[in-house]
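Student: I am attaching a structure below and will ask some questions about it afterwards.
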Amino acid sequence: MSSSGWNTIESDAGVFTELIETLGVKSVQFDELLSLDPSSLSALAPLYGVIFLFKWTQSVIAQQADGNGGKPVDGEYAPDAEYEIFFARQKIQNACATQAILSVLMNRGEVKLGSALSEFKDFTTGFDGELRGETISNSDLIRTTHNSFSRPTPFVDESQAPRAATDDDDLYHFIAYVPINGTLYELDGLQPYPITHGACSDDEFPDKLTEVLYRRIGRYPEGEVRFNLLAVCADRRELLAEVGDVEGLSRENEKREEWKRENILRRENFVGLIAEMLKYVVADTVEKKGEEGFEGIIDEAKKKSMQRYEAMQRRR
Amino acid sequence: MSSDTVTLLTFKAGKVEFNPPSKHLKPLPQKGKITLQKSTDEESPLLSFIWEPRGSSKNDPTVERDELMIFPGEAEWLPVAQCTTGRVYVLKFNSSSQRSFFWMQEAPSGDILNEISENDLKIATRINTLLEDIDAEEVDILEEQSGASGDDVEMEDLPTNTGDSAQQQASLSSLINSIVIPPSSSSTSSGAPIHDITDAITPKQMAQFVDSLDASDPRLTNLYNFLPAEIPKTKPELLRVLQSPQFLQGINSLSQTFRSAEGTNAGQLVAHELGLPYRGEGIEAFLRAIRAAIQEEKDRDHEMQE
């Protein structure tokens, strides 16, 4: 399959939460983890899994090359688990966030998947990772939902080849960590098999995961990797309502409102608004300062751009 | 080039070493100060953020002065909440993953050595104002505090657990930042082409313009037509949109369309869609097309009146 059908989307708790809700999942949300320690993880119980996402440089990709047939750098390959749990090989770069999300949701029995994803899960039962990855890539429902969160490009030119991925969006990678039936799994679509990190109950997950991630982070050369952690947990609003925490609930509701608003804005390219705003500001300048005012804006912009280039070069 | 500078703000702070793999912050013992300066020899003043050793640390040959040039809106000064054993701030750049950490060496409030003080907050507010707008009005607080800052905080005054054993994890949040894309070599050669629409007109200027409009101004009503359907058509909501990161991303993405127009007709297509008389290539041509469109609209109105 070509990769042209999958757009890049922003990795954000608000985006992912709305994405899974659109796919029909109920009572699950994402939360960004600000620090990596067992107590922040425990605070989000019930915690279904964690998505570790990072942006890497070429040197790290080289290290990570898959299919070496040997052992993973940390943990053990579990070739048999490939059929027992939901594990998918990565087929399309841009789909890998959605794939990591599914790797958490599909492996936690208590998650209410909704009819579409339940059917998808049943359909792919018994597949190997390769075929499961292929099936995700080919799913119209998942692709369309995923793409609905991307900003349209300012122009539509069907004669052109799809935009080549730039360094910026090409180098993200998403890995799911999930406790499944008493074992801590690392589900990485670039690896040949699921990786296990030993026995792990749901209660032990925060501690064990912290250890595994610290080992992982420690392996990267300084400055080579930027990363972020997203927890997949139960909808906080339902838990807060249950215990009657009015203040907490209103905070979560506000956060939801803000996510909703941000997601609306994410779907815009604002080309029309930008052009109108520029016309008004330019007209206003010309009215107040004449043609010189406009030329002043242009000169100023060139000067700023020059300084920007110089500053970028210095920083490099 | 004789460069005249004006000092806008200075306060005592030490550097903190950041170790990305472990997320550990390690405060360095040297005494230092941070100065924000404005260069006045340019029409568009630049902000310099300088860290240099002070007092006895000046004689330490291993310590070097750091200077960073910062564009308006390019960086923020934020407290590192995860650090509970000291008063640590981070200078965080929006356009790159670069970040620098510092620990406040101004006198703490009372006996609480590890808590952000009133004074730290005032300094932070002032820095962020200057990072946003270099010409922001000077406020009195800084005069007040320079008198009140009292003795230096020496290393011995620090809580003893600030050392390695208690290194704190920095925020993992938003460590993923967009990389600064270097200009292609051709674009830097002669008379810099405009890199981004915001170099000419910033979202802030747009917001200021909107803010200045009367609620009944027909231009506001026109602008509301360009808001997403779900957003209420009010001036405050329009202002919120103009100040949102998503709107800025929209401008950056449109800028990129015109910038990378070489060999493609993307810029032409967008300009055509907007009904702009776009000639040439690049962001300058786009802005000139905007200017020409205003004139065309004006002439048309004149003809209609005659």
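Student: Step through the table entries A:Lys303/B:Lys15; A:Lys288/B:Lys298; B:Lys38/B:Lys92; B:Lys12/B:Lys38; A:Lys55/B:Lys204; A:Lys121/A:Lys255, compare each Cα-Cα distance with 21 Å, and write down the pairs that go over it.
Tutor: Numbers: A:Lys303/B:Lys15 32 Å; A:Lys288/B:Lys298 16 Å; B:Lys38/B:Lys92 19 Å; B:Lys12/B:Lys38 19 Å; A:Lys55/B:Lys204 30 Å; A:Lys121/A:Lys255 31 Å.
A:Lys303/B:Lys15; A:Lys55/B:Lys204; A:Lys121/A:Lys255, as the Cα separations exceed 21 Å there.
Student: Related question: Per residue, what volume in Å³ does the convex hull of the Cα atoms of chain A enclose?
Tutor: Details: hull volume 56.6 nm³, N = 316.
Spelled out: Cα convex hull of chain A, divided by residues, is 179 Å³.
Student: Continuing with this model, one more query. Suppose every K and R has +1 on its Cβ and every D and E has -1 on its Cβ; what is the size of the dipole of the range A:13-234 about the Cα centre, in Debye to the nearest 20?
Tutor: Working: 17 positive and 33 negative charges, 35 e Å.
With Lys and Arg at +1 and Asp and Glu at -1, about 160 debye.
Student: Give the average, rounded to an integer, of partner chain Cβ atoms located within 10 angstrom of each Cβ in A:289-297.
Tutor: On the way: counts 0, 0, 1, 0, 0, 6, 1, 1, 7.
So the per-residue partner count for this stretch is 2.
Student: Within 10 Å of each Cβ of A:212-221, how many other protein chain Cβ atoms are there on average?
Tutor: Working: counts 0, 0, 3, 0, 1, 5, 2, 1, 2, 2.
Average per residue, whole number: 2.
Student: Can you list which of the GluC sites (Glu not before Pro) found in the range A:215-254 are DSSP loop residues with at most 14 other C-beta atoms within 10 Å? If you can, show how the numbers build up before the last one.
Tutor: Values: sites: A:Glu222, A:Glu224, A:Glu238, A:Glu242, A:Glu247, A:Glu252, A:Glu254; in loops: A:Glu222, A:Glu224.
Answer by residue number: A:Glu222.
Student: Further question: Tell me the trypsin sites (Lys or Arg not before Pro) within the range B:45-77 that lie in a loop according to DSSP and have at most 13 other beta-carbon atoms within 10 Å.
Tutor: Working: sites: B:Arg54, B:Lys58, B:Arg65; in loops: B:Arg54, B:Arg65.
Passing sites in the range B:45-77 are B:Arg65.
Student: In deg cm²/dmol, rounded to 500, what helix-only [θ] at 222 nm does chain A give when every DSSP H run of at least 4 residues adds -39500 (n - 2.57) and the total is split over its residues?
Tutor: Numbers: 13 runs with 157 residues, N = 316.
My calculation for chain A gives -15500 deg cm²/dmol from helical runs alone.
Student: Give the peptides A:95-101, A:200-206, A:84-90 in descending order of average Cβ contacts within 10 Å, highest first. Walk me through the intermediate numbers first.
Tutor: Working: A:95-101: 25.6, A:200-206: 16.6, A:84-90: 22.3.
Ranking the peptides A:95-101, A:200-206, A:84-90 by packing returns A:95-101, A:84-90, A:200-206.
Student: Hey, another quick one. Using +1 at the Cβ of each Lys and Arg and -1 at the Cβ of each Asp and Glu in the range A:271-316, identify which of A:Ala301, A:Gly272, A:Met312 lies farthest towards the dipole's positive end.
Tutor: Selected residue: A:Met312.
Student: For the range A:160-305, compute Rg over Rh where Rg is the Cα radius of gyration and Rh is the Kirkwood radius from the inverse mean 1/r over Cα pairs. Could the numbers behind the result be given before it?
Tutor: Working: Rg = 25.1 Å, Rh = 21.5 Å.
Here the Rg-to-Rh quotient is 1.17.
Student: Distance between the C-alpha centers of the range A:1-47 and the range A:180-202? Whole Å please.
Tutor: Taking the Cα centre of each part, the range A:1-47 and the range A:180-202 sit 19 Å apart.
Student: Separate question: Quote the relative contact order of chain A in percent (integer), defining contacts as alpha-carbon pairs under 8 Å separated by 6+ residues.
Tutor: Working: 417 pairs, mean separation 97.7, N = 316.
RCO, chain A: 31 percent.
Student: With +1 on each Lys and Arg Cβ and -1 on each Asp and Glu Cβ, and nothing else charged, work out how big the dipole of the range A:271-316 is about its Cα centre, in Debye to the nearest 20. Before the final figure, lay out the partial values.
Tutor: On the way: 10 positive and 9 negative charges, 112 e Å.
Approximately 540 debye in magnitude.
Student: Residues of A:259-271, mean number of Cβ from any other protein chain within 10 Å of their own Cβ, rounded to a whole number? Display every interim value, and only then the final one.
Tutor: Working: counts 0, 1, 8, 3, 2, 7, 12, 5, 3, 10, 8, 14, 9.
Average neighbour count from other chains, rounded to a whole number: 6.
Student: For the range A:271-316, compute Rh as the Kirkwood radius over C-alpha pairs and then the Stokes-Einstein diffusion coefficient at 20 °C and 1.002 mPa s; write the answer in µm²/s, rounded to an integer. Walk me through the numbers before you get to the answer.
Tutor: Numbers: Rh = 12.1 Å.
Answer, rounded: 177 µm²/s.
None of the figures in this text is laboratory data; all of them are computed from the coordinates on show. This one's a predicted model, so the numbers in the text were calculated from it and none came from an experiment. Quick reminder, even Gly has a Cβ in these numbers, built from the backbone with ideal geometry, and neighbours come from all protein chains shown.
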